[in-house]
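The values are calculated or read from the model by the stated rules, or taken from the named source; none is laboratory data. Quantities reported herein were computed from a predicted structural model and do not represent experimental measurements. All Cβ positions, even for glycine, are placed from backbone atoms using ideal geometry, and neighbour counts span all protein chains on display.
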Amino acid sequence: MGAQREAKVQKLKSDLKEVLGFFDQPEAVQNRAYAPGKWTMRELLIHLSDSETVILDRLRRLAAEDKPVLQAFDQDKWAAKLFYKSRDMKLAKQQYQAARETAIELLSTLDATFDANTGTHSETGPKTFGQIAEVVVTHTSHHLEQLRAIAAGKTWTKS
């Protein structure tokens with residue numbers, strides 16, 4: 001495994017550990033939002049859990065299929081219609097952990113030649129395996145900032 005891939009894998013592992021800790025926060029903390037009218041910790045964690053499965057699906061398709069279509073999803077509709085306010089947090093945690101560990105396994109197993117495999121995202125056009133692998137890292141990092149702010153009882157604003 002190359003140095004760039006190894007760095008991604010290590011970041012995915014450290015973020016996994018940190019995100020899993022937020023699933024164990026008290027309900028009162030999980031029900032706090034990072035800013036007025038924004039998602040709560042609970043909603044962010046379930047969003048991470050669901051989006052992790054979507055990103056894993058994209059990685060698998062890019063690794064195994066020729067020029068796959070990578071379906072978009074509407075995160076706000078998912079939050080509204082997939083009962084984010086009442087989902088079982090234990091199941092969401094298990095889903096997140098399994099999807100993240102599977103993505104780590106995939107990135108650890110496949111060599112860098114897979115990074116060039118290309119598919120077509122249904123909204124944004126051509127995407128490579130390498131680009132989607134980077135999305136796994138940056139997407140979680142973005143939401144970790146919000147989760148940390150909520151846990152600390154602070155407001156998060158985009159910098």
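General observations
- Candidates 92, 99 - the one that is modelled with pLDDT of 95 or more, touching an Asp or Glu at 6+ places or on another chain (Cβ under 6 Å) and hydrophobic (A, V, I, L, M, F, W, C): 99
- Matching residues in segment 129-141 - criterion: being surrounded by 11 or more Cβ atoms within 10 Å (Cβ to Cβ) and without any contact (Cβ under 8 Å) to a residue 40 or more places away in the chain: 130, 131
- Top-ranked residue of segment 142-156 - restricted to ones that are surrounded by fewer than 16 Cβ atoms within 10 Å (Cβ to Cβ) and not hydrophobic (A, V, I, L, M, F, W, C), ranked as nearest to residue 48 (Cα to Cα): 142
- Residue match in segment 131-153 (condition: at pLDDT 95 or above and touching a Gly at 6+ places or on another chain (Cβ under 6 Å)): no
- Of all residues making up segment 70-88, the number that are surrounded by 15 or more Cβ atoms within 10 Å (Cβ to Cβ), of a type in the set (Phe, Trp, Tyr) and outside any helix (DSSP H, G or I): 1
- When residue 91 is tested against the conditions (1) in a helix (DSSP H, G or I); (2) surrounded by 12 or more Cβ atoms within 10 Å (Cβ to Cβ); (3) not basic (Lys, Arg), the lone failure is (2).
- For segment 1-41, the set of residues classified as in contact with a strand residue (DSSP E or B) (Cβ under 6 Å, 6 or more places away or on another chain) and without any contact (Cβ under 8 Å) to a residue 24 or more places away in the chain consists of 31 only.
The rows are residues; the columns are (1) in contact with a His (Cβ under 8 Å, 6 or more places away or on another chain); (2) in a helix (DSSP H, G or I); (3) surrounded by fewer than 19 Cβ atoms within 10 Å (Cβ to Cβ).
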| residue | (1), (2), (3) |
| --- | --- |
| 4 | no, yes, yes |
| 11 | no, yes, yes |
| 15 | no, yes, no |
| 25 | no, no, yes |
| 29 | no, yes, yes |
| 46 | no, yes, no |
| 52 | no, yes, no |
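- Test: residue 67 is free of Cβ contacts under 8 Å to residues at least 24 places away in the same chain and surrounded by fewer than 12 Cβ atoms within 10 Å (Cβ to Cβ): no
- Count of residues meeting criterion [in a helix (DSSP H, G or I), in contact (Cβ under 8 Å) with a residue 40 or more places away in the chain and closer than 24 Å to residue 17 by Cα] in segment 94-128: 12
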